[in-house]
Amino acid sequence: MFKRFILVSAFISLFSVYNAEVINVPLDYTTIQEGINASINGDTVLVQPGTYIENINFNGKNITLGSLFLTTQDTSYISGTIIDGNDNGLVVIFENGENYETVLCGFTIQSGYSDDIGGGILCSNYSSPKLMNLTIISNYAKYGGGIACYNASPTVENSCIVNNEAQMYGGGIYCLDSYNIDFVNITVYSNRSLVGGGIFLDCSNLNMYNSRINYNKAYQSGGGFYCKNSNPILNYVNITNNKATFNGAGLYISSSSSPIFSPETRCNIYSNSINESKGFGADIFCHNNDTIHVFVDLFTVINPTEYYISPLDKIIIEINQAVEDSLINSDVYVSVNGSNTNSGLYPEEPFRTITFALSKIYSDSININTIHIEEGIYSDSTNGEIFPIQWSSYVHLKGSSLDGTILDASQNHSSVIEFNFVRDALVQNVTITGGRSNRGGGFYCYDSKITIENIKIINNIATTGGGIYCDNCLLSIIKTQISSNMCPDRGGGIFSSHSDITLSEVTIDNCFGGGIYFGNENYSLTIDNTIITNNLCRYGLQVTGGNADVGYSNFWNNEAGNFYGLNDSIGLNVTTNANGDSCDAFYNIQMDPMFVDPANNDYHLQWGSPCIDAGDPNSPLDSDSTIADMGAYYYDQSMGIGPDPQYHQMTLINYPNPFQGSTIISFSIPQATKVKLQIYNILGQLVEQILNDDLQSGEGSIEWNSGDYPSGVYFYKLSTPQTSLINKMVIMK
């Protein structure tokens, strides 16, 4: 049954022993566990790319389990060989004394679940495997969402532990009673837990070299690294941009721990933040410890106060330079075709990722700077964007166009943007899509002050708050479309708790889980010039406490009802508005808004819509100098009025699809205008412009020959100055 391979693969030559068996999955065995069970010490189980829904146990086998889809030194890279725990238990277990000859290499480990210890990988009972070139993502446990070590000594190299969660300790990594652990070139990013969002270390020692602990979150203490009764050795470790509610957002040291910082191989500790508390050590907090010597290259400031280090008399720190002196105190630019080696200061020299731009920009209440985003699709598969994007205070985000600048989390188990303890952020002119999270598929907002304007929040999923989740925030939403988001709980469009929210000129439509859930005592909700329609399962607007001021808005056809928990007079038609339509005392109507084509994401108003000129007459006039319309998009009466819709449906399709040589791209445009038809590759890069001309309204078609372009997925985009459409096509040769 076994097949012996000639050792030509780089992977096999690196890890296999001569004359040892090489077991191929799925050629020899259909599952990875079957391959492990059939192996003996020294064998290699070689797994082909694909997704394997399994929960595997090495069962004491000192073998190599690896994938031909090898990762590189770029630890943000996600392997195409996936072991998926299906939220039905631990993904990978080492619990029978597996030694250093045991290797796990080249996989994505995801969707593990445990109500005890370890979600993605568990090492226990004196096991000491080598874990190499792994992406450990979106796993959950009570202790140690990504990796848990209990009486174990693993080596982890060239790996990324991202977006894992623990109920209690160690969102990314949890170590208890473990010694001689080695972490080399690892990234611990965007994990969260009650304590020790990135790493929780208790009665354990580790040697960490050339690694990054960034953007993790603790709901109590130790956002990046929580160290208890332990003596880690830290060399070239970056502990940055982590957050905690109380103290030690970067590094929390307690209970006689003695981390060792070398003056030669210095770490960087900076830009960690806590919930506006003073004297609690945002970067380093020390509790019940002797004096600790800390040597860093970069720190947040040259002369730390109690805000950055607490207590100051317990930390002797030597700092080479302050990060605030090296950050960019100006606007920066980002493009999917940019490079993180560029200056970022000019449109011609853009950075490649938004996340990198956030790490380089400096802003405060006096110096508010903007990240300008060029048109393109920003995702893990295009420009290597890592989600959720953890936003910073006093930084604005501005896209080039609403439909052309798209932040797509690809339904990969994270929100699109998270705002934690963020002050005065503004987001404009982008589409937010593809988020999938426990709370807040599009935006997760906690204890923050945010304004979003001219935004689309579409096709996001969460357990609570499909489009937006908001807790303890001040949130303003202006000229924004929130549609086709989903949650099984409450707030398909928006979920709000303990927050003051203002909506003006907003459209919320077709969200599963209702339009807005506002559950706030002693807080306020203000809505005007807004349309809330066609939302499913729950109410259009559900209020269970606080003050709601709702006027000049349209509520129609929400499945469970338009209103719940509001003043009895809201929704009760007692008068007429300026258009002569029946309305309540606050000028709210309940009528079909007459969208142009919501099935194709066009929420402009048709002529004759009751929402035209039905907004608050005291609001600023629309750009056509008429009374404000309801909803995210006003009807431009300067282009003429009449019985026909202002916007006819713009269409775009190609046939055949998939195709080998050529395909016909057919389209229609509603009016005479400038038209572009462009082809993009899977990386979001423009590969060919087929059309750039002035056309009359109506239908058209173009035959496109794929020529020498390789097989794969491509996107074709039809754009006018007014709007754009993007579709996918597949070349098969």
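The values are calculated or read from the model by the stated rules, or taken from the named source; none is laboratory data. What you are looking at is a predicted structure, and each value in this text was computed from that prediction instead of being measured. Methodologically, a virtual Cβ is constructed for each residue, glycine included, from the backbone with ideal geometry; neighbour enumeration extends over all protein chains shown. When the accessible area is computed, the model is the full protein with side chains, heavy atoms only, and any ligands, DNA or RNA have been set aside. Shrake-Rupley method; radii C 1.70, N 1.55, O 1.52, S 1.80 Å.
Points worth noting:
- Flag if residue 60 is modelled with pLDDT of 95 or more, more than 19 Å from residue 112 (Cβ to Cβ) and of a type outside the set (Phe, Trp, Tyr): yes
- Residue check for residue 495: under 23 Å from residue 540 (Cβ atoms), open to solvent by 10 Å² or more (accessible area, probe 1.4 Å), among the aromatic types (Phe, Trp, Tyr) and part of a strand (DSSP E or B): yes
- Here residue 348 clears all of (1) over 16 Å from the mean Cα position of the chain (by Cα); (2) open to solvent by less than 40 Å² (accessible area, probe 1.4 Å) except the condition numbered (2).
- Residue in the range 256-276 that is open to solvent by less than 10 Å² (accessible area, probe 1.4 Å), within 20 Å of residue 362 (Cβ to Cβ) and either among the aromatic types (Phe, Trp, Tyr) or modelled with pLDDT of 95 or more (or both) present: yes
- In the range 653-666, of all residues being modelled with pLDDT of 90 or more and either out of contact with any Leu (no Cβ under 9 Å at 6 or more places or on another chain) or not hydroxyl-bearing (Ser, Thr, Tyr) (or both), the one that is surrounded by the fewest Cβ atoms within 10 Å (Cβ to Cβ) corresponds to 662.
- Summed over the range 667-691, the residues that are assigned to a strand (DSSP E or B) and open to solvent by 70 Å² or more (accessible area, probe 1.4 Å) give a count of 4.
Residues checked against (1) surrounded by fewer than 23 Cβ atoms within 10 Å (Cβ to Cβ); (2) basic (Lys, Arg); (3) more than 17 Å from the chain's Cα centre (by Cα); (4) assigned to a strand (DSSP E or B):
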{"residue": "415", "(1), (2), (3), (4)": "no, no, no, no"}
{"residue": "432", "(1), (2), (3), (4)": "no, no, no, yes"}
{"residue": "437", "(1), (2), (3), (4)": "no, no, no, yes"}
{"residue": "476", "(1), (2), (3), (4)": "yes, no, yes, yes"}
{"residue": "482", "(1), (2), (3), (4)": "no, no, yes, yes"}
{"residue": "489", "(1), (2), (3), (4)": "yes, no, yes, no"}
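- Applying the criterion of at least 3 residues that are among the polar types (S, T, N, Q) to the strands (runs of 3 or more DSSP E) found wholly in the range 164-273 leaves 206-214, 233-240.
- The requirement of being of a type outside the set (Phe, Trp, Tyr), crowded, with 20+ Cβ neighbours inside 10 Å and more than 25 Å from residue 390 (Cα to Cα) is fulfilled nowhere in the range 458-474; no residue meets it.
- Any chance residue 693 is among the acidic types (Asp, Glu) and at pLDDT 90 or above: yes
- Selection of first residues in the range 253-271 that are within 15 Å of residue 311 (Cα to Cα) and of second residues that are of a type in the set (Lys, Arg) and not in a loop (DSSP other than H, G, I, E, B), restricted to Cβ pairs under 6 Å at least 6 apart or on distinct chains, gives the following pairs, ordered by first then second residue: 254/228; 255/228.
To keep it simple, each residue is scored yes or no on (1) over 30 Å from residue 401 (Cβ atoms); (2) touching a Phe, Trp or Tyr at 6+ places or on another chain (Cβ under 6 Å); (3) of a type outside the set (Lys, Arg); (4) assigned to a strand (DSSP E or B).
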{"residue": "286", "(1), (2), (3), (4)": "yes, no, yes, yes"}
{"residue": "298", "(1), (2), (3), (4)": "yes, yes, yes, yes"}
{"residue": "330", "(1), (2), (3), (4)": "no, no, yes, no"}
{"residue": "345", "(1), (2), (3), (4)": "no, no, yes, no"}
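- Any hit, the range 613-626, residues being part of a loop (DSSP other than H, G, I, E, B), on the phi < 0 side of the Ramachandran plot, surrounded by 14 or more Cβ atoms within 10 Å (Cβ to Cβ) and of a type in the set (Ser, Thr, Tyr): yes
- Note on the range 418-430: residues that are under 16 Å from the mean Cα position of the chain (by Cα) and modelled with pLDDT of 95 or more total 2.
- Evaluation of residue 319 against (1) in a strand (DSSP E or B); (2) in contact (Cβ under 8 Å) with a residue 24 or more places away in the chain (one fails), failing number: (2)
- Filter result for residue 306 (over 25 Å from residue 388 (Cα atoms) and touching a residue at least 40 places away in the same chain (Cβ under 8 Å)): no
- Count - residues of the range 388-409 that are open to solvent by 10 Å² or more (accessible area, probe 1.4 Å) and at pLDDT 90 or above: 8
- Enumeration of residues in the range 303-320 that are open to solvent by 70 Å² or more (accessible area, probe 1.4 Å), over 19 Å from residue 289 (Cα atoms) and at pLDDT 85 or above: 320
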